[in-house]
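Comments concern the structure below.
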Amino acid sequence: MAIKSDRWIKQMALEHAMIEPFADRQVRTGVISYGVSSYGYDIRVADEFKIFTSATGELTVVDPKHFDPKSFADFRGDVCIIPPNSFALAKTVEYFRIPRDVLTVCVGKSTYARCFRADTRVALVDGSAPTLEEMARRHEDGELFWGYSIGPNGRMLVTLLDAPRYIGRDALIEVVLDNHESIYCTPDHDFMLRDGRMVPADTLRPGDSLMPLYRQVARGYEMVYQPLNGHLYPTHRMADEWNLRHQMYVDEPGTHRHHIDHDRRNNMPWNLTRMNASEHIRYHNQENYGDDFDPNEHSLAIRDAFERLGQDPRWKEEFRRSQQQRALSFWHDPQYAAARERLLEQRQHWSAEWHAAHSTALKQYYSDPAHRARKSEISKRVWSRASNTRREQQREVARNINLRQEITGEAVRRALDQTGSIRGAARLLDCDRSVFRRFPDVVHAFKGTRARRNHKVMAIRELAGDHDVFCLTVPEAGNFALDSGVFVSNCGIIVNVTPFEPEWEGFVTLEISNTTPLPAKIYANEGIAQVLFFQSDEPCETSYRDKAGKYQNQQGLQLPKM
């Protein structure tokens, strides 16, 4: 069974009236495209809709065996608004007559879906980054996925990524980021700017700042950068918040968050639970030290030893000298090289947290006009006593900050390696430390940290040809993070259509679902979905016409029948 091309579709429409009315080319100007495509036909939605609603204001159950007509509001017009997390029924403009040896599959148009190429990777909270195509296969087996979203108040949160799926084929553009990664998407796919606004991909320009996803590991736990306040925040706390929002358990005082499989990077909400705080501490102590470990006895023994030592007046001086000797030995003895390396790696994480907290404290301090005035007065008094020599030195430093062109990135790295610090390297090169701002990559490489590059747009390019495209839905927030480190909108419109069986004919009834928290707009008499045709090697033994199916020759918008 092979998919049929545009030539076959045109021939069948002409000779057998398979599609009426039939557009023998894609109509694109001013509308969502419809008509014949390379390997399919883009169908239109008519201007007649049934919008699902709860007229009584009470919870309404959608029963496929007994659809209540009172649950639908009839609407006719050029634009239909589907409420958030609701759906509408509609019919096609086209009337179909399916040959006996043909089966069709109908998929939603990427114009409504806004899609990505199949190999686009999505950031998940368990530390993995599968492609959308891989997620779609795993979703069919019942697997659930959680990723990162920016919530309505601008705060990052963990959220469910629902229904990853194949959408169809479409033309794509390439968005190149400043970390040299490329994102391939439909031109109308919305990207989130740093200020929270959503803009289509084809309107992005080089230099635009996108909402970033920054992640790092501290003490084995993943931390994410919260764009709302600039602080690092543990991912497992956000996953815990998801569980609380969805009443997986309650927020009881005196409890700790616990990773069920002991993997601190696996922050899928199902892997988190709440434990009594003391039981949680005892659990991990016994895990580390054995079943006989008693934390209370351990703490009391240490306290008693220090109390006994403290009674000896010579103890303090001896203790100070021993500590000094240990410190010198640690930093110079080769046997501690591995331990020093581990400590320096930890200090890199600590320094990032410390700098974030210190930056916030400084901003709060200097936001007070009284503090700013006091600092200004102190500075004036200091410089009023400064000599002319010092003033001239300071002026010379200021003049040379951006004039030391002989200082290259290679020179900076050599100085850093030789002295072991930015301050020492600046002294060696006889320059101000501000010169090093020209070389952020060199400084990050020396510190062992990653330069934060993944949220600036470098280029936008068109991609030749049509490609398989996929997307997913985020009911809670309407956006999600890609592994490349930016946030994009989700696919909110799902078109569900039963395959057209051999020798079925009629107008097609469409179910258009809005899975977003916002109203969705559908344009009548414009493209809504794509039909793919597959022809068998031989006609079937029993067709839909032979079975006298209940939807044969349907004319209007049909509710499910039993």
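Just so it is clear, none of the values below were taken in a lab; they were calculated from the coordinates. None of the values given here were measured: they were computed from a predicted structure. Virtual Cβ from ideal backbone geometry, glycine too; neighbours counted across all protein chains shown.
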Highest mean first, how do 334-342, 181-189, 8-16 rank when packing is the count of other Cβ atoms within 10 Å averaged over residues? 181-189, 8-16, 334-342
Can you list the trypsin sites (Lys or Arg not before Pro) in region 180-267 that are in a DSSP coil and have 11 or fewer other beta carbons within 10 angstrom? 197, 219
Please list, or write none, the aspartates and glutamates whose alpha carbon is within less than 13 Å of the alpha carbon of residue 521, excluding same-chain residues fewer than 8 places away. 47, 78
Give the value in nm², to one decimal: projected area of the alpha carbon convex hull of region 109-224, averaged over all directions. 8.2
Counted charge near residue 536, where neighbours are those whose Cβ lies closer than 10 Å (Asp, Glu -1; Lys, Arg +1): -2
Hey, which aspartates and glutamates would be in cross-link range of residue 363, C-alpha to C-alpha under 16 Å, not counting anything within fewer than 8 residues on its own chain? 353
